[in-house]
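Readers should treat all values here as calculations from the given coordinates under stated rules, not as data from a laboratory. In this text, all values refer to a predicted model and were calculated from it rather than measured experimentally. Glycine also receives a Cβ, built like all others from the backbone with ideal geometry; neighbour counts cover every protein chain displayed.
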Amino acid sequence: MLKIILSLWLLSLSLFSLSQETVSQASTGQQERLPLRELRLFTQVFEQIRLGYVEEVTDTELLDNAIAGLLTELDPHSVYLNKEDYGELQEHANGEYGGLGLEVGTDNGAIRVVSPIDDTPAAKAGIQAGDLIVKMNDNPVRGMSLQKAVDKLRGEKGTSIKLTVYREGEKEPLDIEVVRDIIQISAVRSRLLEPGIGYIRVSQFQTKSGADFVAAIEELVQPSTEKQPIKGLVIDLRNNPGGLVPASVEISDALLDGGTVVYTEGRLPSANRSFEASSGDLLNGLPVVVLINGGSASASEIVAGALQDHGRAAILGTQSFGKGSVQTVIPLGDGRAVKLTTARYFTPNGRSIQAEGIVPDIIVERAEIRPYKSRTRVREADLEGHLETAESEAESGDGESESEDYSTDNQLYEAVNLLKGFHLLSNRQ
């Protein structure tokens, strides 16, 4: 029992004394003694579980559960990460994993290839969109969960997997062997919605998201004989759960000409920081609309809040999630880590959005757009003897065929209309 108490005492010290700085700031300058009565109670419960639980549980498992419990009750975002969880977190943040490069979904018990990612092992091996994966290494996948299938498709670089696929137009199943490689996925995608209207979707904030965002803007504004210069930009942060704070600062910095992006406040001196934008706006003041909704959280709210406070963008959509806290990942040295909430963040104007969220400048709920079908009416052109339209005026409307049909997304539709309004007003002024 004494050995267990000693272990728990050392465990408590390692968790709560993350650094000498934490110890020195623990209270009002005084070292508080560990609550020995509660520790004694804890060791009694520990021993009862260890001896009397219906199934044998190792001391290591119980201690792991105890560490997890310490963090679970703090807030929804502080967690204990075992080796597997910590590895997945790093993979998610870097946007890199060992695998084939496939986007997949389930289809009647099989795994359907949504799309092979360009220049990945899957694409090079000949996997095509629409292929139905029925076996992996000769093992049927029917009834396998999507997550389990994804886990089997992933693996270390250089290892191979044989996929048996059904393909429309082929009489027999195809066996395709694919060698895994490191797959790099960008969370930033861009395109032109229509001539002059740029669109950048940021699905999460990874290590390279800031650089990818800057590259996307540079590509959109680059002069070309095949496209008109952009006159406005839509940034889509809907359902973006957040990610790395530095990436959100880089993205905000790309559009701001100096000033504070976000600042954080916590108990440790290292948690009190202010992030500033450098001079220079990559869009030179062109109008920007940012789309957010209830799934936009954390780093997404940093970007939306910074651009809103500086008057650099119009925020459109619905109120964001309201995660105004910062988590620090603290490695424990053996492949495990603790993700601990260490600070709250504030927008440049001092707004804390914790549990409040960013309120859009223009609230637009998701809705279905259906054109109203009116009765056919007689128009001037239908009248006998009407004056003909001048040839020069009849040529207006060029380029409409190049526009993307986004009428099914009413929030994006409204954002584009807003940008057009900004452009019209600026021209008239």
Given the options VAL262, VAL150, VAL54, which has the most mean-square fluctuation in a GNM of the chain, springs set between C-alpha atoms less than 10 angstrom apart?
VAL54
Could you grab the relative contact order for region 168-215? Cα pairs under 8 Å, six or more apart, rounded to a whole percent.
30
5 Å is the cut-off here: which amide hydrogens, built 1.01 Å from N in the peptide plane, fall below it relative to VAL262, excluding neighbours closer than 5 in sequence?
PHE275
Rounded to the nearest Å, what's the spacing between the alpha carbon centres of region 106-165 and region 277-304? Just the number, please.
36
Give me the percent relative contact order of the chain, please, defined on Cα pairs under 8 angstrom at least 6 residues apart.
12
How big, on average over all directions, is the shadow cast by the Cα convex hull of region 188-363, in nm²?
10.6
Cross-link candidates for LYS152: which aspartates and glutamates have Cα within less than 20 Å, leaving aside residues fewer than 8 places away along the same chain?
GLU84, ASP85, GLU88, GLU91, GLU96, GLU103, ASP107, ASP131, ASP138, ASP175, GLU177, ASP181
Tilt relative to the chain, helix 2-16 - C-alpha long axis, 0 to 90 degrees, to 10
30
Acute angle (nearest 10 degrees) that the helix 410-428 long axis makes with the longest principal axis of the chain, alpha-carbon atoms:
60
If you place +1 on the Cβ of every Lys and Arg, -1 on the Cβ of every Asp and Glu, and leave all else neutral, what size is the dipole of the chain about its Cα centre, to the nearest 20 Debye?
1420
Mean residue ellipticity (222 nm) of the chain, computed from DSSP H runs ≥ 4 via -39,500 (n - 2.57), nearest 500:
-9500 deg cm²/dmol
Relative contact order for region 193-310 using alpha-carbon pairs under 8 Å, separation at least 6, rounded to a whole percent?
31
What residue among LEU132, SER270, PHE213 has its Cα farthest toward the positive end of the dipole of region 127-271, where the charges are +1 on Lys, Arg and -1 on Asp, Glu, each on the Cβ?
LEU132
Please rank ASP334, ASP59, ASP361, fewest neighbouring Cβ atoms within 10 Å first, as an exposure proxy.
ASP334, ASP59, ASP361
From the coordinates shown, Kirkwood radius over Cα pairs in Å corresponds to which of (i) 26.1; (ii) 23.6; (iii) 22.0:
(i)
Flagged links, alpha-carbon separation over 26 Å, of LYS135/LYS157; LYS231/LYS373; LYS83/LYS162; LYS83/LYS208; LYS83/LYS124; LYS231/LYS323:
LYS231/LYS373; LYS83/LYS162; LYS83/LYS124; LYS231/LYS323
Excluding GLY294 itself, what net charge comes from residues whose Cβ is under 12 Å from its Cβ, given Lys and Arg +1 and Asp and Glu -1?
+1
If packing is taken as the mean number of other Cβ atoms within 10 Å per residue, what is the order of 205-215, 341-351, highest first?
205-215, 341-351
By per-residue mean of other Cβ atoms within 10 Å, what is the highest-first order of 187-193, 171-177, 263-269?
187-193, 263-269, 171-177
